[in-house]
Amino acid sequence: MKVLLIGGGGREHALGWKIAQSPKLSKLYLAPGNPGLNQFGSPVDLSDTDIDGITKFAVEKSIDLVVVGPEAPLALGLGDKIRAAGIACFGPDKAAAELESSKSFMKDVCGAAGAPTADYGKFTEAGAAKAFLARQTPPYVIKADGLAAGKGVVVTEDKQEAEAAIDEMLAGRFGAAGATIVIEEFMHGEEASFFVVTDGVSIAPLIAAQDHKRAFDGDEGPNTGGMGAYSPTPVFTDTVRRRTMNEIVSPIVNEMRSRGTPYQGVLYFGLMIENEAPRLVEINARFGDPECQVIMRRMESDILPLLFAAATNTLSGQKTSWRDDAAALVVYAANGYPEKYEKGSAIAGVDAANAIDGVEVFHAGTRIENGALVSAGGRVLNVTATGASIKDAVARAYEAINEIDWSDGFYRKDIGWRAING
Ligand code: AMP
Ligand code: GLY
């Protein structure tokens, strides 16, 4: 099977690493790939949002399956274009990807499907938003409606800060993504991310993972795209899994189909769990980054038949199997992330880290400059490790990160603390 993988972050490195292990793979192309991922295939000089360029390339090379990692190309309609060209695509159409690209659309679908989630109001004007805010109790939750790279959410106890967030978002801090904002009820509990693959009718449940969204130890500091992850997640019990499937996943997949916009690809359910009752925080139209990386480390079955079946409406009966080992991931991020940070500083020691048993270092934001590896993003490396327990996996990931020599980065020292201390 000839596969074209779209994206070039840590998630795509992990997907490419797993896809490359499939005996069904004949050729892997990477658009655009990254310095770590490129060992598994041929990089193609196409940006992941060059929809026409990617479609033309897929046709020219007679690609059998396009696998889309990030959300941006999906929101631009890459899924529609690839399917229109007669090629199987793992990733939803633009209309279905709206589950992620519009928080208010997601809320409408939840309402119609009866899926439990936070109460909310939707606003385009600051006066009405602040009047609604005045009737809420803290903590306040303010969100840009559209895609803002995981950063368009403010959770605060401070009403003035909440009002400032309303003003900033509506004034264009996140561009068009913040032209509409959503103000939500704050939900208490513990978070987990659960993933399923679907062809729009059948659903193949994967496993849950947990990430650490805050920048600093103790879950302090600004929200980020995710500073670490682990799987399994003790909070995602069998009861929670069953309830999530029955109360959230199936109703939403069915609702999307009945709207005439069936969802095809992976669905990411961000859950808040309290007393084994799951409520939906968010839906994403893609694998989580960095959750995908720990899920790939635990997946035992071949991934290609699963992705291809979802993309060709033949998912019914597909089985997945998982390793008993736990997996953990520590993000090595550039100083200053998620705000301003520098790029271009030298990184050494990745090979030494990779040499440790059970460790895989995925590249998230790197490039090669004059033959040397340098930083090229906010989240730069994803150091993953497996182990008999979360504690073992985390310890090994930290052992590996110690081998890496990079003067311009920071990482959280407490990944997995809830699961380890709990
Ligand atoms: P989102 O981008 O919607 O996932 O929001 C980012 C993070 O903000 C979530 O992972 C939660 O930690 C937090 N959050 C968002 N919405 C809520 C809510 N309604 N109640 C509590 N926490 C929330
Ligand atoms: N780790 C959170 C996300 O991928 O959105």
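The values are calculated or read from the model by the stated rules, or taken from the named source; none is laboratory data. Predicted model only: the values in this text are computed from it and were never measured. FYI the Cβ positions are ideal-geometry reconstructions off the backbone, even for glycines, and counts take in every protein chain you see. Note: accessible area is taken over every heavy atom of the protein model, side chains too, but ligands, DNA and RNA are not part of it. Shrake-Rupley method; radii C 1.70, N 1.55, O 1.52, S 1.80 Å.
Descriptive notes on the structure:
- Residue match in segment 237-244 (condition: more than 23 Å from ALA118 (Cβ to Cβ), among the charged types (D, E, K, R) and open to solvent by 60 Å² or more (accessible area, probe 1.4 Å)): yes
- Yes/no for LYS413 being in a loop (DSSP other than H, G, I, E, B) and at pLDDT 95 or above: yes
- Residue that is surrounded by the most Cβ atoms within 10 Å (Cβ to Cβ), among those in segment 170-187 that are of a type in the set (A, V, I, L, M) and at pLDDT below 80: ALA177
- When LEU280 is tested against the conditions (1) out of contact with any strand residue (DSSP E or B) (no Cβ under 7 Å at 6 or more places or on another chain); (2) open to solvent by less than 40 Å² (accessible area, probe 1.4 Å); (3) within 14 Å of ligand 1 (Cβ to nearest atom), the lone failure is (1).
- Of the criteria (1) within 22 Å of the chain's Cα centre (by Cα); (2) surrounded by fewer than 22 Cβ atoms within 10 Å (Cβ to Cβ), which one TYR230 fails: (2)
Table: residues versus (1) within 23 Å of ALA326 (Cβ to Cβ); (2) free of Cβ contacts under 8 Å to residues at least 40 places away in the same chain; (3) of a type outside the set (Asp, Glu); (4) within 16 Å of ligand 2 (Cβ to nearest atom).
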residue	(1), (2), (3), (4)
MET169	no, yes, yes, no
ARG173	no, yes, yes, no
ILE203	no, no, yes, no
ARG242	yes, yes, yes, no
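- Subset of segment 188-211 [assigned to a loop (DSSP other than H, G, I, E, B) and either open to solvent by less than 10 Å² (accessible area, probe 1.4 Å) or among the charged types (D, E, K, R) (or both)]: ASP199, GLY200
- Any hit, segment 9-17, residues being of a type outside the set (A, V, I, L, M, F, W, C), open to solvent by 20 Å² or more (accessible area, probe 1.4 Å) and part of a loop (DSSP other than H, G, I, E, B): no
- Close contacts from segment 118-133, counting a first residue that is without any contact (Cβ under 8 Å) to a residue 40 or more places away in the chain and away from ligand 2 (no atom under 16 Å from the Cβ) and a second that is open to solvent by less than 50 Å² (accessible area, probe 1.4 Å) and part of a helix (DSSP H, G or I), with Cβ to Cβ under 7 Å and a gap of 6+ residues or different chains, come to LYS130/ILE166.
- Any hit, segment 261-269, residues being surrounded by fewer than 21 Cβ atoms within 10 Å (Cβ to Cβ) and touching a residue at least 12 places away in the same chain (Cβ under 8 Å): yes
- Given (1) away from ligand 1 (no atom under 12 Å from the Cβ); (2) closer than 21 Å to ALA177 by Cβ; (3) in a helix (DSSP H, G or I), index of the condition PRO92 fails: (3)
- Scoring GLY221 on the criteria (1) away from ligand 2 (no atom under 16 Å from the Cβ); (2) surrounded by fewer than 18 Cβ atoms within 10 Å (Cβ to Cβ); (3) at pLDDT below 95 leaves a single failure, condition (1).
For every residue, the table says whether it meets (1) in contact with a Phe, Trp or Tyr (Cβ under 8 Å, 6 or more places away or on another chain); (2) of a type in the set (S, T, N, Q); (3) modelled with pLDDT of 95 or more.
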site	(1), (2), (3)
ASP289	no, no, yes
GLN293	yes, yes, yes
ILE356	no, no, yes
SER375	yes, yes, yes
GLY378	yes, no, yes
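- Restricting attention to segment 302-337, the residues that are crowded, with 20+ Cβ neighbours inside 10 Å and in a loop (DSSP other than H, G, I, E, B) add up to 2.
- Within segment 351-393, the set of residues being open to solvent by 10 Å² or more (accessible area, probe 1.4 Å) and in a helix (DSSP H, G or I) comprises ASP351, ALA352, ASN354, ILE390, LYS391, ASP392.
- Selection within segment 108-129 - buried (at least 22 other Cβ atoms within 10 Å of the Cβ) and more than 16 Å from LEU267 (Cβ to Cβ): PHE123, ALA129
- Scanning segment 64-97 for residues that are surrounded by 18 or more Cβ atoms within 10 Å (Cβ to Cβ), over 21 Å from the mean Cα position of the chain (by Cα), farther than 11 Å from ILE6 by Cβ and not charged (D, E, K, R) gives ILE87, ALA88.
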